[in-house]
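Visitor: The structure's right below; bear with me while I get my questions together.
The values are calculated or read from the model by the stated rules, or taken from the named source; none is laboratory data. All values derive from a computational prediction rather than experimental measurement. Ideal geometry is used to build each Cβ from the backbone, glycine not excepted, and the neighbour counts take in all protein chains shown.
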Amino acid sequence: MITIDKLTKFYGNNLAVNNISFTINDNEILGFLGPNGAGKSTTMNMISGFLPMSGGSVEICGVDVSKDPVKAKSNIGYLPEIPPVYPDMRVREYLSFCAGLKRIPHGKRSDEIERVMKLLNITDVQKKLIKNLSKGYKQRVGFAQALLGDPKFLILDEPTVGLDPNQVMEVRNIIKSLKKDHSVIFSSHILSEVSEVCDRVVIINKGVIKAIDTIENLEASVGGSTILHIKIKGDRSRAAAVIENTQGVAEITAIDAEGNDFFAFTVSTKDDADTVRSAIMSELLARKIQITEIFTEKPNLESVFTRLINSESEKKGIDALWDEVGGQPSPLELNKDDFDGKEGEE
(Lines give C-alpha, C1' and ligand atoms only; values in the text may rest on other atoms or scores of the structure.)
Protein backbone atom coordinates (compact mmCIF):
# COMPACT_ATOMS: atom_id res chain seq x y z
CA MET A 1 0.00 0.00 0.00
CA ILE A 2 1.03 3.59 -0.63
CA THR A 3 -0.17 6.05 2.02
CA ILE A 4 -0.24 9.76 1.21
CA ASP A 5 -0.82 11.87 4.32
CA LYS A 6 -1.33 15.66 4.34
CA LEU A 7 0.90 16.05 1.29
CA THR A 8 1.69 19.70 0.58
CA LYS A 9 3.75 21.56 -1.98
CA PHE A 10 4.63 25.25 -2.20
CA TYR A 11 6.36 26.91 -5.14
CA GLY A 12 7.45 30.12 -3.49
CA ASN A 13 4.19 31.54 -2.15
CA ASN A 14 2.10 29.50 -4.57
CA LEU A 15 0.33 26.57 -2.92
CA ALA A 16 0.28 23.88 -5.62
CA VAL A 17 -0.82 20.88 -3.54
CA ASN A 18 -2.93 21.57 -0.47
CA ASN A 19 -2.76 19.06 2.38
CA ILE A 20 -4.08 16.03 0.46
CA SER A 21 -4.43 12.48 1.79
CA PHE A 22 -5.38 9.19 0.12
CA THR A 23 -4.16 5.62 -0.27
CA ILE A 24 -3.28 3.35 -3.16
CA ASN A 25 -4.31 -0.19 -2.29
CA ASP A 26 -2.64 -3.42 -3.34
CA ASN A 27 -3.76 -4.79 -6.73
CA GLU A 28 -5.69 -1.63 -7.56
CA ILE A 29 -5.80 0.69 -10.57
CA LEU A 30 -6.32 4.24 -9.35
CA GLY A 31 -7.13 7.06 -11.76
CA PHE A 32 -5.84 10.56 -10.98
CA LEU A 33 -7.90 13.24 -12.68
CA GLY A 34 -7.83 17.01 -12.84
CA PRO A 35 -7.60 19.92 -15.28
CA ASN A 36 -4.28 21.38 -16.38
CA GLY A 37 -2.50 22.97 -13.43
CA ALA A 38 -4.54 21.02 -10.86
CA GLY A 39 -1.45 19.55 -9.17
CA LYS A 40 -1.52 16.05 -10.70
CA SER A 41 2.05 15.92 -11.96
CA THR A 42 3.38 17.65 -8.85
CA THR A 43 1.66 15.06 -6.66
CA MET A 44 2.95 12.13 -8.73
CA ASN A 45 6.46 13.57 -8.68
CA MET A 46 6.34 13.78 -4.89
CA ILE A 47 4.95 10.25 -4.51
CA SER A 48 7.79 8.93 -6.65
CA GLY A 49 10.38 10.88 -4.67
CA PHE A 50 11.39 12.88 -7.73
CA LEU A 51 10.26 16.17 -6.18
CA PRO A 52 10.70 17.14 -2.50
CA MET A 53 7.50 17.82 -0.56
CA SER A 54 6.90 20.94 1.52
CA GLY A 55 4.88 19.05 4.10
CA GLY A 56 3.20 15.75 4.83
CA SER A 57 4.48 12.28 4.07
CA VAL A 58 4.42 9.44 1.55
CA GLU A 59 4.93 5.86 2.70
CA ILE A 60 5.45 3.02 0.22
CA CYS A 61 5.01 -0.42 1.81
CA GLY A 62 5.52 1.26 5.18
CA VAL A 63 8.76 3.02 4.14
CA ASP A 64 8.84 6.83 4.21
CA VAL A 65 10.04 8.23 0.87
CA SER A 66 11.79 11.16 2.56
CA LYS A 67 13.55 9.11 5.26
CA ASP A 68 14.63 6.06 3.23
CA PRO A 69 14.24 6.99 -0.45
CA VAL A 70 16.31 4.14 -1.88
CA LYS A 71 14.28 1.43 -0.15
CA ALA A 72 10.96 3.16 -0.86
CA LYS A 73 11.73 3.74 -4.54
CA SER A 74 12.73 0.08 -5.01
CA ASN A 75 9.00 -0.69 -4.92
CA ILE A 76 7.94 1.72 -7.66
CA GLY A 77 8.27 2.17 -11.39
CA TYR A 78 7.72 5.71 -12.65
CA LEU A 79 6.80 7.05 -16.07
CA PRO A 80 6.72 10.89 -16.06
CA GLU A 81 4.62 12.85 -18.54
CA ILE A 82 7.77 13.37 -20.64
CA PRO A 83 9.48 9.95 -20.93
CA PRO A 84 12.98 10.05 -19.35
CA VAL A 85 14.79 8.61 -22.36
CA TYR A 86 18.26 9.43 -23.68
CA PRO A 87 17.92 10.19 -27.41
CA ASP A 88 21.48 9.20 -28.33
CA MET A 89 21.15 5.72 -26.82
CA ARG A 90 19.76 2.70 -28.59
CA VAL A 91 16.63 1.18 -27.07
CA ARG A 92 18.26 -1.95 -25.66
CA GLU A 93 21.29 0.01 -24.49
CA TYR A 94 19.01 2.44 -22.64
CA LEU A 95 17.02 -0.34 -20.97
CA SER A 96 20.26 -2.04 -19.93
CA PHE A 97 21.43 1.24 -18.41
CA CYS A 98 18.12 1.60 -16.51
CA ALA A 99 18.34 -2.00 -15.33
CA GLY A 100 21.75 -1.20 -13.88
CA LEU A 101 20.37 1.84 -12.08
CA LYS A 102 17.67 -0.38 -10.61
CA ARG A 103 20.34 -2.84 -9.46
CA ILE A 104 18.88 -5.78 -11.33
CA PRO A 105 21.46 -8.61 -11.07
CA HIS A 106 23.60 -9.10 -14.19
CA GLY A 107 22.45 -12.69 -14.56
CA LYS A 108 18.79 -11.63 -14.76
CA ARG A 109 19.20 -8.38 -16.66
CA SER A 110 18.96 -9.72 -20.22
CA ASP A 111 15.82 -11.76 -19.53
CA GLU A 112 14.20 -8.82 -17.78
CA ILE A 113 14.92 -6.52 -20.73
CA GLU A 114 13.47 -9.08 -23.12
CA ARG A 115 10.35 -9.35 -20.95
CA VAL A 116 9.55 -5.64 -20.92
CA MET A 117 10.38 -5.18 -24.62
CA LYS A 118 7.99 -7.99 -25.51
CA LEU A 119 5.30 -6.62 -23.23
CA LEU A 120 5.50 -3.16 -24.83
CA ASN A 121 6.03 -4.49 -28.38
CA ILE A 122 9.34 -2.68 -28.89
CA THR A 123 11.58 -5.68 -29.59
CA ASP A 124 11.69 -4.77 -33.29
CA VAL A 125 13.23 -1.34 -32.54
CA GLN A 126 15.71 -2.44 -29.86
CA LYS A 127 18.74 -1.54 -32.00
CA LYS A 128 17.46 1.86 -33.11
CA LEU A 129 18.55 5.20 -31.68
CA ILE A 130 15.80 6.57 -29.47
CA LYS A 131 15.99 9.96 -31.18
CA ASN A 132 14.91 8.30 -34.43
CA LEU A 133 11.77 6.78 -32.92
CA SER A 134 8.27 8.20 -33.21
CA LYS A 135 6.72 9.89 -30.20
CA GLY A 136 4.57 6.82 -29.58
CA TYR A 137 7.58 4.48 -29.52
CA LYS A 138 9.47 6.82 -27.19
CA GLN A 139 6.50 6.67 -24.85
CA ARG A 140 6.55 2.88 -24.94
CA VAL A 141 10.30 2.80 -24.24
CA GLY A 142 9.68 5.04 -21.22
CA PHE A 143 6.92 2.68 -20.07
CA ALA A 144 9.29 -0.27 -20.48
CA GLN A 145 11.88 1.26 -18.15
CA ALA A 146 9.16 1.77 -15.52
CA LEU A 147 8.36 -1.96 -15.68
CA LEU A 148 11.97 -3.08 -15.30
CA GLY A 149 12.49 -4.99 -12.07
CA ASP A 150 8.77 -5.85 -11.81
CA PRO A 151 8.01 -3.15 -9.18
CA LYS A 152 4.97 -3.55 -6.94
CA PHE A 153 3.65 -0.06 -7.73
CA LEU A 154 3.56 1.77 -11.07
CA ILE A 155 3.11 5.53 -11.32
CA LEU A 156 2.16 6.55 -14.84
CA ASP A 157 1.68 10.20 -15.82
CA GLU A 158 -0.35 10.38 -19.07
CA PRO A 159 0.93 6.98 -20.32
CA THR A 160 -1.01 7.05 -23.62
CA VAL A 161 0.06 10.51 -24.79
CA GLY A 162 1.31 10.38 -28.37
CA LEU A 163 0.04 6.87 -29.10
CA ASP A 164 -2.18 5.99 -32.03
CA PRO A 165 -5.59 4.36 -31.32
CA ASN A 166 -4.25 0.82 -31.66
CA GLN A 167 -1.34 1.55 -29.34
CA VAL A 168 -3.69 3.20 -26.82
CA MET A 169 -5.77 0.03 -26.75
CA GLU A 170 -2.65 -2.08 -26.26
CA VAL A 171 -1.44 0.07 -23.35
CA ARG A 172 -4.88 -0.03 -21.73
CA ASN A 173 -4.87 -3.81 -21.92
CA ILE A 174 -1.36 -3.90 -20.46
CA ILE A 175 -2.40 -1.70 -17.54
CA LYS A 176 -5.43 -3.90 -16.84
CA SER A 177 -3.30 -7.05 -16.99
CA LEU A 178 -0.78 -5.55 -14.53
CA LYS A 179 -3.43 -5.41 -11.81
CA LYS A 180 -2.89 -9.12 -11.06
CA ASP A 181 0.54 -8.47 -9.57
CA HIS A 182 0.82 -4.69 -9.28
CA SER A 183 -0.94 -1.53 -8.22
CA VAL A 184 -1.15 1.29 -10.75
CA ILE A 185 -1.84 4.99 -10.33
CA PHE A 186 -2.11 6.90 -13.57
CA SER A 187 -3.29 10.29 -14.70
CA SER A 188 -5.10 10.93 -17.93
CA HIS A 189 -7.13 13.62 -19.67
CA ILE A 190 -9.14 10.91 -21.43
CA LEU A 191 -12.09 10.23 -19.14
CA SER A 192 -13.34 7.26 -21.15
CA GLU A 193 -9.92 5.68 -20.66
CA VAL A 194 -10.14 6.12 -16.90
CA SER A 195 -13.72 4.76 -16.83
CA GLU A 196 -12.64 1.64 -18.68
CA VAL A 197 -9.52 0.85 -16.69
CA CYS A 198 -9.75 2.19 -13.11
CA ASP A 199 -11.18 0.73 -9.92
CA ARG A 200 -11.22 4.08 -8.10
CA VAL A 201 -10.72 7.70 -9.04
CA VAL A 202 -9.16 10.69 -7.29
CA ILE A 203 -10.31 14.05 -8.68
CA ILE A 204 -8.10 17.03 -7.83
CA ASN A 205 -8.45 20.71 -8.66
CA LYS A 206 -6.28 23.64 -7.60
CA GLY A 207 -4.30 21.34 -5.34
CA VAL A 208 -7.36 20.15 -3.42
CA ILE A 209 -8.95 16.70 -3.63
CA LYS A 210 -12.59 17.06 -4.68
CA ALA A 211 -13.58 13.38 -4.66
CA ILE A 212 -12.25 9.88 -4.01
CA ASP A 213 -14.47 6.92 -4.83
CA THR A 214 -15.32 4.18 -7.29
CA ILE A 215 -16.56 5.34 -10.66
CA GLU A 216 -19.96 3.75 -10.01
CA ASN A 217 -20.42 5.65 -6.76
CA LEU A 218 -19.27 8.93 -8.30
CA GLU A 219 -21.69 8.56 -11.19
CA ALA A 220 -24.51 7.76 -8.79
CA SER A 221 -23.66 10.84 -6.71
CA VAL A 222 -24.44 13.22 -9.57
CA GLY A 223 -28.14 12.70 -9.01
CA GLY A 224 -30.74 14.46 -11.07
CA SER A 225 -32.81 12.97 -13.84
CA THR A 226 -31.72 10.72 -16.65
CA ILE A 227 -32.05 12.21 -20.13
CA LEU A 228 -33.69 10.52 -23.12
CA HIS A 229 -32.91 11.67 -26.65
CA ILE A 230 -35.71 10.98 -29.12
CA LYS A 231 -36.00 11.60 -32.87
CA ILE A 232 -39.29 11.13 -34.65
CA LYS A 233 -40.85 11.48 -38.10
CA GLY A 234 -44.30 12.98 -38.14
CA ASP A 235 -46.33 15.69 -36.46
CA ARG A 236 -44.15 17.61 -34.03
CA SER A 237 -47.00 18.94 -31.87
CA ARG A 238 -48.70 15.57 -31.56
CA ALA A 239 -45.43 13.85 -30.67
CA ALA A 240 -44.60 16.51 -28.07
CA ALA A 241 -48.06 16.17 -26.48
CA VAL A 242 -47.77 12.38 -26.32
CA ILE A 243 -44.33 12.50 -24.73
CA GLU A 244 -45.24 15.24 -22.27
CA ASN A 245 -48.29 13.32 -21.03
CA THR A 246 -46.43 10.02 -20.58
CA GLN A 247 -46.07 8.99 -16.95
CA GLY A 248 -42.57 9.54 -15.57
CA VAL A 249 -41.66 12.45 -17.86
CA ALA A 250 -40.37 15.46 -15.92
CA GLU A 251 -39.62 17.87 -18.76
CA ILE A 252 -39.47 17.87 -22.55
CA THR A 253 -37.45 20.17 -24.80
CA ALA A 254 -37.94 20.33 -28.57
CA ILE A 255 -34.87 20.63 -30.79
CA ASP A 256 -34.75 22.33 -34.20
CA ALA A 257 -36.12 20.35 -37.13
CA GLU A 258 -33.62 18.10 -38.89
CA GLY A 259 -35.43 17.97 -42.23
CA ASN A 260 -38.93 17.53 -43.58
CA ASP A 261 -41.12 16.01 -40.88
CA PHE A 262 -38.10 15.00 -38.73
CA PHE A 263 -37.94 16.36 -35.19
CA ALA A 264 -35.86 15.77 -32.06
CA PHE A 265 -36.63 16.03 -28.36
CA THR A 266 -34.70 15.75 -25.12
CA VAL A 267 -36.70 14.35 -22.22
CA SER A 268 -35.74 14.37 -18.54
CA THR A 269 -37.26 11.60 -16.45
CA LYS A 270 -38.43 11.45 -12.86
CA ASP A 271 -38.98 7.68 -12.80
CA ASP A 272 -36.85 4.74 -13.96
CA ALA A 273 -35.45 5.71 -17.36
CA ASP A 274 -35.97 2.31 -18.99
CA THR A 275 -39.61 2.22 -17.86
CA VAL A 276 -40.24 5.74 -19.14
CA ARG A 277 -38.55 5.00 -22.45
CA SER A 278 -40.70 1.90 -22.99
CA ALA A 279 -43.85 3.87 -22.16
CA ILE A 280 -42.94 6.68 -24.58
CA MET A 281 -42.22 4.21 -27.37
CA SER A 282 -45.53 2.43 -26.80
CA GLU A 283 -47.52 5.68 -26.80
CA LEU A 284 -45.84 7.05 -29.95
CA LEU A 285 -46.17 3.81 -31.88
CA ALA A 286 -49.82 3.47 -30.84
CA ARG A 287 -50.46 6.83 -32.53
CA LYS A 288 -48.45 5.80 -35.59
CA ILE A 289 -45.67 8.32 -34.92
CA GLN A 290 -42.47 6.86 -36.31
CA ILE A 291 -39.44 6.74 -33.96
CA THR A 292 -36.18 7.06 -35.89
CA GLU A 293 -33.87 7.11 -32.86
CA ILE A 294 -34.05 6.88 -29.08
CA PHE A 295 -31.20 6.55 -26.59
CA THR A 296 -30.52 7.16 -22.91
CA GLU A 297 -27.92 9.57 -21.55
CA LYS A 298 -27.03 8.45 -18.04
CA PRO A 299 -24.68 10.19 -15.60
CA ASN A 300 -21.04 9.34 -16.38
CA LEU A 301 -17.56 10.22 -15.20
CA GLU A 302 -17.48 13.24 -17.50
CA SER A 303 -20.58 14.76 -15.87
CA VAL A 304 -19.12 14.09 -12.41
CA PHE A 305 -15.81 15.68 -13.38
CA THR A 306 -17.47 18.74 -14.95
CA ARG A 307 -19.73 19.28 -11.97
CA LEU A 308 -16.90 19.07 -9.43
CA ILE A 309 -14.46 21.22 -11.35
CA ASN A 310 -16.98 23.90 -12.29
CA SER A 311 -18.74 24.04 -8.93
CA GLU A 312 -19.21 27.45 -7.36
CA SER A 313 -16.85 26.63 -4.50
CA GLU A 314 -14.00 26.28 -6.97
CA LYS A 315 -14.29 29.96 -7.81
CA LYS A 316 -13.35 30.93 -4.28
CA GLY A 317 -9.78 31.30 -3.05
CA ILE A 318 -8.39 29.53 -0.02
CA ASP A 319 -8.68 32.68 2.10
CA ALA A 320 -12.35 33.11 1.18
CA LEU A 321 -13.07 29.53 2.18
CA TRP A 322 -11.49 30.09 5.57
CA ASP A 323 -13.50 33.30 6.00
CA GLU A 324 -16.67 31.23 5.62
CA VAL A 325 -15.72 29.00 8.54
CA GLY A 326 -14.97 31.78 10.96
CA GLY A 327 -12.07 33.71 9.52
CA GLN A 328 -9.42 31.48 11.03
CA PRO A 329 -6.10 31.33 9.17
CA SER A 330 -5.27 28.13 7.35
CA PRO A 331 -2.88 25.83 9.23
CA LEU A 332 -0.84 25.80 6.03
CA GLU A 333 -0.65 29.58 6.05
CA LEU A 334 0.73 29.51 9.57
CA ASN A 335 3.51 27.11 8.59
CA LYS A 336 4.45 28.04 5.08
CA ASP A 337 7.33 30.25 6.21
CA ASP A 338 8.96 27.06 7.43
CA PHE A 339 9.29 25.91 3.83
CA ASP A 340 12.16 27.20 1.74
CA GLY A 341 9.95 27.68 -1.34
CA LYS A 342 12.97 27.83 -3.62
CA GLU A 343 11.98 25.15 -6.12
CA GLY A 344 11.34 26.12 -9.74
CA GLU A 345 7.96 26.96 -11.16
CA GLU A 346 5.60 24.09 -11.95
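Visitor: So, in region 94-121, how many residues would count as being under 19 Å from ASN132 (Cβ atoms) and exposed (fewer than 15 other Cβ atoms within 10 Å of the Cβ)?
Guide: 1
Visitor: In this structure, does LYS9 turn out to be of a type in the set (Lys, Arg) and free of Cβ contacts under 8 Å to residues at least 12 places away in the same chain?
Guide: The answer is no for LYS9.
Visitor: Out of GLY162, GLY149, report the one residue that is assigned to a loop (DSSP other than H, G, I, E, B), of a type outside the set (Val, Ile, Thr) and surrounded by fewer than 19 Cβ atoms within 10 Å (Cβ to Cβ).
Guide: Numbers: GLY149 fails: surrounded by fewer than 19 Cβ atoms within 10 Å (Cβ to Cβ).
Just a single option satisfies the conditions, and that option is GLY162.
Visitor: Which one is nearest to the chain's Cα centre (by Cα) among residues in region 6-21 that are part of a strand (DSSP E or B) and surrounded by fewer than 14 Cβ atoms within 10 Å (Cβ to Cβ)? Talk me through it step by step, then tell me what you get.
Guide: Just the residues of region 6-21 that are part of a strand (DSSP E or B), to begin with: 6-11, 14-21.
Add one more test, that the residue is surrounded by fewer than 14 Cβ atoms within 10 Å (Cβ to Cβ), and what stays is 14, 21.
Values: ASN14: 24, SER21: 17 Å.
Out of the qualifying residues, it is SER21.
Visitor: What do you reckon, is ILE280 among the aliphatic types (A, V, I, L, M) and not in a helix (DSSP H, G or I)? Reasoning before the result, please.
Guide: Values: among the aliphatic types (A, V, I, L, M): yes; not in a helix (DSSP H, G or I): no.
When the stated conditions are applied, ILE280 does not pass them.
Visitor: Considering only residues that are of a type in the set (Val, Ile, Thr) and not in a helix (DSSP H, G or I), look in region 242-265 and name the one that is modelled with the lowest pLDDT. Steps first, answer last, please.
Guide: Here is the first cut: in region 242-265, the ones of a type in the set (Val, Ile, Thr) are 242-243, 246, 249, 252-253, 255.
Next cut, not in a helix (DSSP H, G or I) only: 246, 249, 252-253, 255.
Numbers: THR246: 91, VAL249: 88, ILE252: 85, THR253: 85, ILE255: 74.
Filtering first and then ranking leaves ILE255.
Visitor: For region 43-128, please list each of the helices (runs of 4 or more DSSP H) lying entirely inside it that holds at least 1 residues being in the same structural domain as LEU156 (by TED's automatic domain parsing) and within 28 Å of LYS206 (Cα to Cα).
Guide: Details: elements: 69-73, 91-101, 106-119.
Where helices (runs of 4 or more DSSP H) fall fully within region 43-128 and carry at least 1 residues being in the same structural domain as LEU156 (by TED's automatic domain parsing) and within 28 Å of LYS206 (Cα to Cα), they are 69-73.
Visitor: Residue check, VAL197 against (1) at pLDDT 85 or above; (2) aliphatic (A, V, I, L, M); (3) over 30 Å from ALA273 (Cα atoms), all met but one. Which one?
Guide: Of (1) at pLDDT 85 or above; (2) aliphatic (A, V, I, L, M); (3) over 30 Å from ALA273 (Cα atoms), only one is false for VAL197: (3).
Visitor: Out of the residues in region 61-95 that are out of contact with any Ser or Thr (no Cβ under 7 Å at 6 or more places or on another chain) and acidic (Asp, Glu), which is nearest to VAL141 (Cα to Cα)?
Guide: GLU93
Visitor: For GLY62, indicate whether it is touching a Lys or Arg at 6+ places or on another chain (Cβ under 7 Å) and within 27 Å of LYS179 (Cβ to Cβ). Quick ask: steps written out before the conclusion?
Guide: Working: touching a Lys or Arg at 6+ places or on another chain (Cβ under 7 Å): no; within 27 Å of LYS179 (Cβ to Cβ): yes.
In short, no.
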